[in-house]
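The values are calculated or read from the model by the stated rules, or taken from the named source; none is laboratory data. None of the values given here were measured: they were computed from a predicted structure. Glycine also receives a Cβ, built like all others from the backbone with ideal geometry; neighbour counts cover every protein chain displayed.
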Amino acid sequence: MKRRKILLTTAVLSLAGVTLAGCGGGGGAEEPVVNDDGSTVVDMWVFAEVHAAFYEAMADAWNEANPDQEIDLQITIYPYEEMHNKLQLGLNAGEGLPDVVDIEVNKFANFVQGDNPPLVDLTEAAGPYADDVVQARLDLYSKDGSVYAYPTHVGAFVAFYNAELLDEAGIDYTTIETWDDFREAGASYHDSTGKQFGVAETGVNFVDPLITAQLGGEWMDADGKPQVNSPEAVETIEMMQEMQDAGAISTIPGGSPDDEEAFGVINSGDVAAVVYPAWYTSRFVDYMPDLAGKVAIAPAPVIEGSDVRTIGGGGTGTAALAGSPVAEFAAEWLAFAKLSPEANVAVWEELGFDPVNMAVWEDEAVTHNPENKFNEYFQTNLFDVLNEVSGSIGHWESFSAPDWPSVDNLFRTVTLNEAFENGVPAQEVLDQAQSDLENELG
């Protein structure tokens, strides 16, 4: 096994089987860097250690399959904001850049501005896998028909129910199909137990876009400009506030289920339901051990009559820099590492994410392996749920609009707090958000 360099710029935590060392690699070189053994150096930036370990494994898998075209992957792990800022500064300066990089979905639009994005067009390299990959997730990282990054997962919204708590309260989670059902069940649970049922998010912007998509709406217009006070957006916040008033949802410490403070609250049984992207399976297994065997996965609630049952939430797109001397090689490796069946089996088995290559969804030897740690943890099987909704996975255009990062930032820092912490009426809070965005963006 080739040993690669991984540099952590924050606290150094051990990663099994890798070497921690100084920054090296091909970033910034004018010509490809080829080692004495013939392997090509590829410099990569990421913002999550778990992603680094995954890419390390996929580099090894590539080298096993391609001994005459080995990759020497050298990874640097930066904090989230620092990495994206460093990437933007490097692009502005035209130097100090990696060969490949992870870009979080809410930041991605910042890097495909203008007519000539500084990222490699990955459309052709995706060709061998495109028929099996969820098109909506490729679309998320596309512009003008070209794919500029490969997704890590679908992130399809599902519902996680603490079935043990609900059974004790006389509530059958399998009867929850619509948001009306969710509100009624949540109100009943809260009234009988005094505890929190679901979550009103203030620090993350997930469930509100899901409901707006189910209503057939967008938060950005056809020109990519904010329309966050659209009728569907207003109806969404009104619905959420009605659920909050009924006791079906409440704010949570940390503002998001995906927060260290929230993990403790959920693990202790103080929250009974979380509607979140499917990748949240990993958070239960890693951070909420006391709930093993108690949590069931089910389809997310829907708006009755909607053609959209779920959308993808969150994500990381992996891109190659157009100025890299190894751009063509990097694109080929990225397609293997992110889209191939081998990679997507690993995405599920190692990370607990819902793979973008749907051929894996049908492989029960993988999806229903009783020794899989995620299958062992949950009462129900994630892929049974995903296959049930696979024909109704919508693509929400707003996520890929150029100005989406500004919208997301405003909602996470101001708007959702005003709606769910301070109780400002939906129309008023969204009119203010629209005005603020128009002033910011011009």
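The residue of segment 402-415 that is nearest to P277 (Cα to Cα), among those that are surrounded by 20 or more Cβ atoms within 10 Å (Cβ to Cβ) and modelled with pLDDT under 95, is D408. Checking every residue in segment 151-159 against the condition of being surrounded by fewer than 23 Cβ atoms within 10 Å (Cβ to Cβ), of a type in the set (G, A, S) and farther than 20 Å from S324 by Cβ gives at least one match. Pick out the one residue from P325, P341, P301, P289 that is more than 16 Å from the chain's Cα centre (by Cα) and surrounded by 20 or more Cβ atoms within 10 Å (Cβ to Cβ). Within the list P325, P341, P301, P289, the selection yields P301. Candidates V424, V407, V429: the one that is outside any helix (DSSP H, G or I) and within 22 Å of S230 (Cβ to Cβ) is V424. Select the helices (runs of 4 or more DSSP H) contained entirely in segment 104-219, then report the ones holding at least 2 residues which are of a type in the set (S, T, N, Q). So the answer is 179-193, 207-214.
Residue by residue, here is whether (1) in the same structural domain as W348 (by TED's automatic domain parsing); (2) modelled with pLDDT of 95 or more; (3) farther than 24 Å from V424 by Cα holds:
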{"position": "A163", "(1), (2), (3)": "no, yes, yes"}
{"position": "Y173", "(1), (2), (3)": "no, yes, yes"}
{"position": "S192", "(1), (2), (3)": "no, yes, yes"}
{"position": "Q196", "(1), (2), (3)": "no, yes, no"}
{"position": "N205", "(1), (2), (3)": "no, no, no"}
{"position": "G224", "(1), (2), (3)": "no, no, yes"}
{"position": "V234", "(1), (2), (3)": "no, yes, no"}
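Selection of segment 232-269 for residues being more than 20 Å from L215 (Cβ to Cβ), among the aliphatic types (A, V, I, L, M) and outside any loop (DSSP other than H, G, I, E, B) yields A262, V265, I266. Just wondering, is there one or more residues in segment 359-370 that are in a loop (DSSP other than H, G, I, E, B), over 19 Å from the mean Cα position of the chain (by Cα), in contact (Cβ under 8 Å) with a residue 60 or more places away in the chain and more than 30 Å from L215 (Cα to Cα)? No, segment 359-370 has no match at all.
Candidates Y129, Y141: the one that is assigned by TED's automatic domain parsing to the domain that holds E49, surrounded by 24 or more Cβ atoms within 10 Å (Cβ to Cβ), touching a residue at least 12 places away in the same chain (Cβ under 8 Å) and aromatic (F, W, Y) is Y141.
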